[in-house]
1. Inside segment 197-245, can you point out the residues that are touching a residue at least 60 places away in the same chain (Cβ under 8 Å), among the β-branched types (Val, Ile, Thr) and outside any helix (DSSP H, G or I)?
2. Just checking, how many residues over segment 193-246 are among the polar types (S, T, N, Q) and surrounded by fewer than 19 Cβ atoms within 10 Å (Cβ to Cβ)?
3. Among the residues of segment 160-177, write down those that are over 19 Å from Gln311 (Cα atoms) and part of a loop (DSSP other than H, G, I, E, B).
4. Between Thr118, Thr86, which is surrounded by fewer than 22 Cβ atoms within 10 Å (Cβ to Cβ), touching a Pro at 6+ places or on another chain (Cβ under 8 Å), within 28 Å of Thr181 (Cβ to Cβ) and free of Cβ contacts under 8 Å to residues at least 60 places away in the same chain?
5. Cβ contacts < 7 Å: first residue among the β-branched types (Val, Ile, Thr), restricted to segment 321-345; second residue assigned to a loop (DSSP other than H, G, I, E, B) and surrounded by 15 or more Cβ atoms within 10 Å (Cβ to Cβ), any location; separation 6+ or different chain. Result?
6. Residues in segment 190-203: is at least one under 22 Å from Ser48 (Cα atoms) and in contact with a strand residue (DSSP E or B) (Cβ under 6 Å, 6 or more places away or on another chain)?
7. Which of (1) outside any loop (DSSP other than H, G, I, E, B); (2) among the small types (Gly, Ala, Ser); (3) over 17 Å from Asp191 (Cβ atoms); (4) without any contact (Cβ under 8 Å) to a residue 40 or more places away in the chain is the odd one out, the single condition Ala99 does not satisfy?
8. Take the residues in segment 97-120 that are of a type in the set (A, V, I, L, M) and closer than 30 Å to Val336 by Cβ; name whichever of them is farthest from the chain's Cα centre (by Cα).
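The values are calculated or read from the model by the stated rules, or taken from the named source; none is laboratory data. All values reported here derive from a predicted model rather than from experimental measurement. Don't worry about glycine lacking a Cβ; one is built from the backbone with ideal geometry, like all the others, and counts go over all protein chains shown.
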Amino acid sequence: MTGTEDIHADGVRATLSDVASVDRGQGLAGVDRLPDFFVVGHAKSGTSALNRMLKRHPQVFMPAGKEPWYFATELHERTPPRPEGTPTTLEQYSALFAAAGPEQVVGEASPQYLWSRTAAARIAEVRPGARIVAVLREPASFLRSLHMQLVETYVETESDLRTALALEDERRRGRAIPPYTYWPKMLLYSDHVRYAEQLRRYSDLFPRDQLLVLIYDDFRRDNETTVRQVLRFIGVDDTLPIEPAEVNPSVRVRSQRLHQLLHSVSVGTSPTSVRIKRALKPMMPTRLRRAVLRGARRRLIYAPPAAPDEQLMSELRMRYRDEVVALSEFLDRDLVTQWGYDRLG
């Protein structure tokens, strides 16, 4: 590929020489600002807490709302039900960072970018100088926590983890997909734990000094030290006070049927859902209705997680031992011992 060949990002054209001239996310035609760094995942590994703590730093700008996941194009299968929408063009994506000050470092956190097969290459096309932060968690505990989150957010309807894992082959064929799921590929659980493969997608495109890999255990044990490490990595003052944060704790859904009923009332498009929302609208504005539904979920549906199924957890660790070995070799860090995979039967 020469310096005059075109690259594309959802309809935005630019030459590679244009991209090379981008300074602090500026320079592409029609685009004012793009991130200097990306927190690429994984979900349920501290990324939301890290995002919130970085937002509090005066020299860092991160957009409001949920993760944009703009660069994970293969995951744009169905539109997620969120008021702010999802950017579909580079101009829309760039607009998320329009309020950043010229002295601020700009970032965003989309946990989907690590397991996405397209995100690394698309980020590298438009931001080759970006810094990449990944957070990884021991596979069995990660999948258990991820499954609980997917049930909570209506992506998954099978509340038993073992059964959900057994459905993976069916779902890979496009069957047994829950009707409200806007991320069908998210239900392919084994794809999330290809850690070394996921990191290589970034290390093949970015210099290793632009890639920082964190381990969830370290972040959980000492938020402050880990966040200061990230602040140094993205080039801002790491000496300012840091307030720890805990975001999105795992919860168990008590009743899947009631959970789905409330979701249907909230975002459903069936005739019954539409009639209920139409009846509630004069009495209860949209914002208040959403607040009431959130309160009902907290009181009636969500409960602290049950104890893990230790037999299943052991089986998962046996299944993913080779992945942990490969990750240990990639990072030159003995996660086999740290995560107890050396003690498997």
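1. Val213, Ile215, Val236, Ile242 - these are the residues of segment 197-245 that are touching a residue at least 60 places away in the same chain (Cβ under 8 Å), among the β-branched types (Val, Ile, Thr) and outside any helix (DSSP H, G or I).
2. Summing the residues that are among the polar types (S, T, N, Q) and surrounded by fewer than 19 Cβ atoms within 10 Å (Cβ to Cβ) in segment 193-246 gives 5.
3. If the condition is that a residue be over 19 Å from Gln311 (Cα atoms) and part of a loop (DSSP other than H, G, I, E, B), then Arg173, Gly174, Arg175, Ala176, Ile177 are the ones that fit.
4. Of the residues listed, the single one that is surrounded by fewer than 22 Cβ atoms within 10 Å (Cβ to Cβ), touching a Pro at 6+ places or on another chain (Cβ under 8 Å), within 28 Å of Thr181 (Cβ to Cβ) and free of Cβ contacts under 8 Å to residues at least 60 places away in the same chain is Thr86.
5. Taking only residues 6 or more apart or on different chains, the pairs are Val324/Trp339.
6. Yes, some residue in segment 190-203 is under 22 Å from Ser48 (Cα atoms) and in contact with a strand residue (DSSP E or B) (Cβ under 6 Å, 6 or more places away or on another chain).
7. (1)
8. Among residues in segment 97-120 that are of a type in the set (A, V, I, L, M) and closer than 30 Å to Val336 by Cβ, the one farthest from the chain's Cα centre (by Cα) is Ala120.
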